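The structure appears right after this line, and notes come after that.
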Amino acid sequence: MLMGYLDCAVAAEPAAEPEEQEFSRFYTTREERREAGKEHVLTDWLLFRGLSELEWLGESLKTDASPGSFSQDELVLTLQLGIEATASDWLSGEVILEYDSEVDDVLLDEAILKLELENWEVEAGSIFVNFGEYFSHFATGPILEFAETKGEPGLIVSYGFGDALDLSVFAYDGLSRRAGDSPEEEPGWGLAIEGAIGDSGSYGVSYISNLADAEEELLEEFDNQYINPVDALSAYLVAGFGEYELTAEFVAALVTFDELESGFRRPSAWNIELAGYPSRSFSWALRLEGSRQLVDAPTIQGGISGTWRIWESAYLSVDYLYGKFSKESYEIDDDVFAAHRHQVGVLLFIEF
């Protein structure tokens with residue numbers, strides 16, 4: 001199957017010495033994070049990977065009213081364990097467990113059975129459907145992550161045209177239900193196209209039938225019940241040139257949420273990042289992003305990030321972001337709204 005972004009990321013980084021290949025690498029997408037960690041081979045058919053992340057996020061919110069400033073921060077620890085079993089060349093399985101200090105529990109993040117036959121690939125189980133990529137070279141995730149899906153029971157069927165193009169369709173059981181006296185379950189579905197642009201770029205377009213199934217739970221105050229489903233579109237473009245890499249992505253609802261407040265019924269967001277890889281031990285990135293009709297999100301935001309490889313399997317990322325909010329989009333307190341904010345993110349991640 002096509003791995004356009006990974007190919008592009010490799011092209012953007014300087015060539016590594018052979019002995020360094022086994023060590024950690026930066027990850028910038030959800031799929032890359034899932035595959036992060038040093039491989040520990042238990043048998044010729046079973047291996048596991050481990051990843052730990054300690055993240056601190058602090059922000060200072062400025063308002064146009066007295067007292068004019070509010071600060072808040074949070075510290076989150078996550079531990080990820082990935083177990084991969086290979087029964088044959090065409091059949092494999094993967095389980096990802098994750099501990100999150102916010103919920104203080106170990107959760108099943110994904111459990112996938114994968115079947116590969118020539119150009120066909122079928123994935124079934126508790127999966128993240130392939131709607132969007134959500135590129136980020138920062139410790140702080142992009143605004144457009146509001147559209148990420150959760151790991152839900154689902155099926156993805158893909159067909160690859162060599163290394164040039166992948167087509168996939170998916171179906172899943174989302175968390176939202178159609179409103180009524182007895183909320184009705186309606187499986188969601190979608191499709192995705194991914195392609196390569198020469199040897200140093202890739203693109204993708206994806207569609208999902210109901211944005212109410214996103215992990216952000218846009219309809220949480222309505223018990224995740226919708227009057228009508230709201231479909232959405234996502235697209236991305238990646239280009240690598242020398243030691244630099246450019247990513248651009250957007251996600252947008254195609255119709256309105258009838259349940260939401262006027263002015264916030266058709267959310268959308270976009271993100272552009274330029275990253276540089278001057279060495280195997282350091283990378284930098286610039287971000288410019290924005291949103292429209294999205295509660296608690298800045299309409300425009302930009303920042304800078306640096307990531308250091310501090311030893312074999314450990315990285316430290318530090319970033320700063322400045323964002324501006326539209327009028328009454330982020331309510332801090334009763335009738336007190338944020339005008340702009342300063343945000344600092346620090347992430348220590350160790351692969352084991």
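The values are calculated or read from the model by the stated rules, or taken from the named source; none is laboratory data. It should be emphasised that the depicted structure is a prediction, and the values quoted were computed from it without experimental measurement. Don't worry about glycine lacking a Cβ; one is built from the backbone with ideal geometry, like all the others, and counts go over all protein chains shown. Surface accessibility is based on the protein's heavy atoms, side chains included, excluding ligands, DNA and RNA. Shrake-Rupley method; radii C 1.70, N 1.55, O 1.52, S 1.80 Å.
Between A87 and L165, residue separation times 0.36 nm minus the direct Cα-Cα distance comes to 25.4 nm. Our summary gives the chain a relative contact order of 18 percent, counting only alpha carbon pairs under 8 angstrom and 6 or more residues apart. Short to long, the 10 Å bins of the Cα pair-distance histogram for the stretch 173-270 hold 15, 39, 25, 15, 6, 1 percent of all pairs. Its DSSP H runs of at least 4 residues, each contributing -39,500 (n - 2.57), put the calculated 222 nm mean residue ellipticity of the chain at -1000 deg cm²/dmol, to the nearest 500.
With a Förster radius of 22 Å applied to the beta-carbon distance between E31 and I310, the computed FRET efficiency rounds to 0.35. Taking Rg and Dmax of the Cα atoms in Å as calculated from this structure, the corresponding entry among [x] 20.6, 65; [y] 21.7, 78; [z] 29.9, 99 is [x]. At the residue level, R292 shows approximately 130 square angstrom of accessible surface with a 1.4 angstrom probe and all protein chains present.
Between D64 and L274, the distance separating the two model label sites (each 7 Å from Cα on the Cα→Cβ line) works out to 3.2 nm. The share of accessible area on the chain that comes from carbon and sulfur is 56 percent, using a 1.4 angstrom probe. On a C-alpha basis, how far is the centre of the stretch 211-276 from the centre of the stretch 46-73 in Å? Whole number, if you could? The two parts, judged by their Cα centres, are 21 Å apart. Measuring how big the stretch 310-352 is from its alpha-carbon positions, Rg and Dmax come out at 16.6, 49 Å.
Summing Lys, Arg as +1 and Asp, Glu as -1, what charge do residues with Cβ under 9 Å from the Cβ of I272 carry, I272 excluded? Computed value for this residue: -2.
Report the FRET efficiency, 1/(1 + (r/R0)^6), for L107 and D199, where r is their Cβ-Cβ distance and R0 is 35 Å, rounded to 0.05. That gives a FRET efficiency of 0.35.
Remark: the chain carries 48 Å² of accessible area per residue (probe radius 1.4 Å; ligands, DNA and RNA excluded).
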